[in-house]
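First up is the structure itself, then whatever we jot down about it.
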Amino acid sequence: MKAKRVRSKCTVTDRTVDPDVLTYTVGEDPVLDLELAKWDCMGTAAHVTMLSELKGLRRPIVTKVEAAKVRRELAKVVELSEAGKFTIREDDQDVHMAVERMLTESLGDLGKKIHTGRSRNDQVAVDVRLHMKSEILAVEREVSDLAAALAQLGFAAGTVPLVGRTHLQPAMPSTVEMWATGHAEMVLDQIENLEAAYRLADLNPLGSAAGYGVPLPLVRARTTALLGFSRTLHNCFGASMARGECEASLLSALAQLMCVLSRLAEDLILFSMPEFAYFRLPRAYCTGSSIMPQKYNPDVLELVRGKTAQVIGLATAALSLLHAMPGGYNRDLQDAKLLYMKGLSTTRTTLRILAKLVAGVEVDAAACRAAFTPGVFATDVALRKVAAGTPWRDAYHEVRDHLELLGAEDCDAAVKAKRHEGTCLGIDRALYRQRIASVRKSAESRAAALEKRRRALMK
């Protein structure tokens with residue numbers, strides 16, 4: 001690309017004299033938009049290709065030869081972005097104008113044509129949706145990694161008895177495997193929420209321009225096909241209003257996922273306390289004290305709880321942006337980008353660090369067995385009376401009214417007596433392996449297809 005620098009003709013700087021207005025309206029876009037650079041180039045490549053194929057015009061807006069030149073230059077922009085050399089100046093305002101500036105510097109008047117028939121409103125909307133699709137698939141891969149670590153922890157522990165608790169009080173015999181795979185299942189179930197957010201993001205807003213279309217024979221179905229969206233957002237006005245909806249949907253899914261992770265973190269904190277000592281946390285994920293030499297603090301797990309609160313707050317902020325907003329585009333929608341990118345970053349980091357932490361957890365089988373007291377077997381005793389012919393409610397009262405008669409029992413035998421689906425000896429390991437593999441395969445194949453499509457557009 002040529003080194004010549006050209007000042008961007010920005011819509012804000014041309015009309016304002018107070019530099020604080022530019023800073024205030026641009027916000028953090030010059031930093032946040034760096035993540036959108038390759039997706040902006042992908043959207044532009046599709047748009048220019050579609051423009052070069054339009055029928056019924058007196059003369060082509062962009063010829064097919066010119067479109068090919070633009071795509072090659074866009075590929076160079078992506079290379080700069082991937083090398084960390086792509087920058088967005090404050091007078092660019094955002095990634096869209098930065099890319100247009102670079103194309104104009106290298107292609108002259110041809111670079112000035114790429115914005116024909118679109119607005120920064122539909123540009124940023126398509127960029128965010130492409131970015132979001134890629135990021136959701138990355139989250140799903142990381143979900144599968146954490147679920148795999150939890151499942152492996154459970155499989156390795158097998159039938160090591162663990163006191164099952166309700167209200168934090170000793171309740172019934174359980175196993176470490178039930179505990180670990182139970183958390184794995186909760187994590188995997190969050191895929192449903194992520195997929196709902198993915199389906200919402202998988203709709204093409206390009207061609208809606210500022211929300212009312214343009215007097216050109218755009219073929220929106222063509223960019224939908226080129227970009228790999230499942231369908232076009234049909235109504236241009238609706239496509240404009242959908243900005244922020246995707247961000248709020250994904251943040252809601254991430255907040256629910258983080259709540260599940262926070263409960264896992266809390267269990268690990270409790271069960272690794274000296275008073276329980278069922279588990280030993282890996283030292284690499286704990287910290288010491290500046291004054292107390294013996295301290296071994298689960299700081300990482302405590303931060304999971306705190307960061308969960310942050311993501312819940314981000315989801316609430318995104319919904320609050322939308323709740324009183326009039327129809328059409330409004331500038332405060334810009335803030336949704338910061339919210340969802342922060343939520344994504346926090347959730348993905350949490351998933352990765354938890355997978356590593358869980359992989360290093362050690363189970364103290366002796367401590368697990370030592371925690372069993374006679375009361376934990378109360379329900380089992382009542383059910384043995386039922387098996388001998390006593391009605392359930394009578395058996396329940398007999399045991400409850402004479403708890404002092406309960407004695408110590410073999411906790412290993414107790415857990416081995418539970419064999420129905422989903423209980424101690426009824427854990428279907430193949431089911432977990434299949435679900436984890438399915439999530440990973442689906443996410444990886446779709447991510448590969450998206451990347452293949454992006455690279456193909458740059459040729």
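Tabulated data
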{"read-out": "Test: residue in the range 216-225 that is open to solvent by less than 30 Å² (accessible area, probe 1.4 Å) and under 30 Å from Ile353 (Cα atoms)", "value": "no"}
{"read-out": "Residue match in the range 29-49 (condition: more than 19 Å from Met341 (Cα to Cα), open to solvent by 10 Å² or more (accessible area, probe 1.4 Å) and assigned to a helix (DSSP H, G or I))", "value": "yes"}
{"read-out": "Criterion (in contact (Cβ under 8 Å) with a residue 40 or more places away in the chain, in contact with a Phe, Trp or Tyr (Cβ under 8 Å, 6 or more places away or on another chain) and not in a loop (DSSP other than H, G, I, E, B)) met by exactly one of Leu338, Leu357", "value": "Leu357"}
{"read-out": "Lone qualifier among Thr316, Thr350, Thr308 - being at pLDDT 95 or above, touching a Lys or Arg at 6+ places or on another chain (Cβ under 8 Å) and either surrounded by fewer than 21 Cβ atoms within 10 Å (Cβ to Cβ) or not in a loop (DSSP other than H, G, I, E, B) (or both)", "value": "Thr350"}
{"read-out": "Options Gly211, Gly164; residue that is touching a Phe, Trp or Tyr at 6+ places or on another chain (Cβ under 7 Å) and not acidic (Asp, Glu)", "value": "Gly211"}
{"read-out": "Count - residues of the range 92-114 that are over 31 Å from the mean Cα position of the chain (by Cα) and buried (at least 17 other Cβ atoms within 10 Å of the Cβ)", "value": "10"}
{"read-out": "Count of the range 423-435 residues which are surrounded by 13 or more Cβ atoms within 10 Å (Cβ to Cβ) and free of Cβ contacts under 8 Å to residues at least 40 places away in the same chain", "value": "1"}
{"read-out": "Answer residue from the range 64-88, given it is open to solvent by 50 Å² or more (accessible area, probe 1.4 Å) and assigned to a loop (DSSP other than H, G, I, E, B) and is farthest from Asn121 (Cα to Cα) among those", "value": "Ala83"}
{"read-out": "Every residue from the range 395-422 that is surrounded by 10 or more Cβ atoms within 10 Å (Cβ to Cβ), out of contact with any helix residue (DSSP H, G or I) (no Cβ under 8 Å at 6 or more places or on another chain), assigned to a helix (DSSP H, G or I) and of a type outside the set (A, V, I, L, M)", "value": "His397, Lys416"}
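The values are calculated or read from the model by the stated rules, or taken from the named source; none is laboratory data. Note that this is a predicted model, so its numbers are computed, not measured. With ideal geometry, Cβ positions are generated from the backbone for all residues, glycine too; neighbour counts draw on all protein chains shown. Surface accessibility is based on the protein's heavy atoms, side chains included, excluding ligands, DNA and RNA. Shrake-Rupley method; radii C 1.70, N 1.55, O 1.52, S 1.80 Å.
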